[in-house]
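Trainee: Input: one structure, supplied below.
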Amino acid sequence: MSAATTRSRTARTPVPDRLCAEAVDLARAAAEEAAAPGVVGEHVAVVSEGDRVVTHFFECKEPGYRGWRWAVTVARASRAKYVTLDETVLLPGSDALLAPEWVPWSERLRPGDMGPGDLLPTEADDLRLEPGYTGEDEPSPSSAVSEVSQEMADLVDAEDAELTTRPATTSRGSIAALADELGMRRARVLSRYGLHAAADRWDEAFGAKTPMAQAAPASCVTCAFLVPLAGSLRQAFGVCANEFGPADGRVVSLSYGCGGHSEAAVMPKPPKPVPHALDTMQVDEYPLRPARDSGSVPAEADGPTEDLGHS
């Protein structure tokens with residue numbers, strides 16, 4: 001084996017410093033000081049990090065940190081006889097239980113995650129939104145028109161000229177006031193991208209391809225319980241108002257359907273009972289014996305009556 005090969009292998013895997021490798025007690029004391037009592041386990045390995053720099057690894061018995069190890073790095077100065085502590089840290093091993101990769105909150109958020117008092121901010125350049133009204137009539141402060149207007153105003157003031165008529169400029173405040181008066185006081189509205197994204201979500205949840213719609217007797221476009229939406233979404237969506245339907249209060253596609261369709265099964269009207277023929281408001285008298293002057297019986301009996309019997 002050549003000397004060059006020996007030097008190359010030595011540079012890749014340096015031999016641990018003897019004094020640093022023997023400082024196990026110093027490394028354990030540092031780990032126990034950083035960790036909770038009783039969670040530092042057995043000494044499992046020692047790795048050389050460089051010239052007179054060694055890292056000692058101890059088993060971690062902390063619940064929930066399976067496979068993690070306490071790493072304590074010690075070092076020794078050149079020609080020094082004492083080993084000093086460098087750092088103490090908890091590192092995962094090859095079979096350590098790790099947390100999933102961090103995902104931003106905007107990507108972790110799912111429908112239904114918001115609760116009372118939660119705020120969901122939207123970015124200024126959100127693709128789902130666009131300005132509800134603009135101040136295009138007013139030139140921006142950095143535009144050439146604004147600079148010319150300012151120069152003309154300065155020239156008028158300098159020459160003491162009397163300006164009787166001055167064109168009125170539209171300010172952003174007046175645009176907002178007009179929008180508020182017309183009922184359009186929304187800084188941003190849904191963009192075309194936002195409309196398409198909402199339509200895709202609603203159609204996936206309550207659309208024609210759902211099992212409920214496939215088994216429905218008719219679609220929602222002919223149902224009396226459908227409340228159409230306003231705007232461009234009116235052509236494809238509405239709100240279900242059937243309290244017994246599976247989509248009550250939800251936005252449904254016009255091609256959606258369920259068994260609660262208003263015209264799917266119309267119940268017949270119950271039969272109307274015939275009015276009673278007797279007059280129950282008048283009292284009829286039924287005598288036990290006929291009246292004497294009715295002519296059906298004699299006024300006086302013919303003779304004494306005898307009991308009927310067998311002779």
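Trainee: Please list, ordered by chain and number, the residues whose modelled amide H lies under 5 Å from the amide H of ARG69; skip anything fewer than 5 residues away on the same chain.
Mentor: Correct list: LEU91, GLY93.
Trainee: Note down the magnitude of the dipole of the range 15-138 about its Cα centre, charges +1 on Lys and Arg C-beta and -1 on Asp and Glu C-beta and zero elsewhere, to the nearest 20 debye.
Mentor: Using Cβ point charges on Lys, Arg, Asp and Glu, the range 15-138 gives about 1300 debye.
Trainee: Keeping all protein chains in position, work out how much accessible area GLU243 exposes to a 1.4 Å probe, and write it in Å² to the nearest 10.
Mentor: 130 Å²
Trainee: If you don't mind, there's one more thing I want to ask. If amide H atoms are built 1.01 Å from N in the plane of the peptide, which residues on other chains or at least 5 residues away come under 5 Å of the amide H of ALA218?
Mentor: CYS258
Trainee: Further, regarding this structure: Which order do TYR256, TYR193, TYR65 take when ranked by solvent-accessible area (1.4 Å probe, heavy atoms of all protein chains), largest first?
Mentor: TYR193, TYR65, TYR256
The values are calculated or read from the model by the stated rules, or taken from the named source; none is laboratory data. As the structure is a prediction and not an experimental result, all values here were calculated from the model. Positions of Cβ are generated from backbone atoms using ideal geometry, with glycine treated the same way; all protein chains shown enter the neighbour counts. Calculation scope for accessible area: heavy atoms of the full protein, side chains included, ligands and nucleic acids excluded. Shrake-Rupley method; radii C 1.70, N 1.55, O 1.52, S 1.80 Å.
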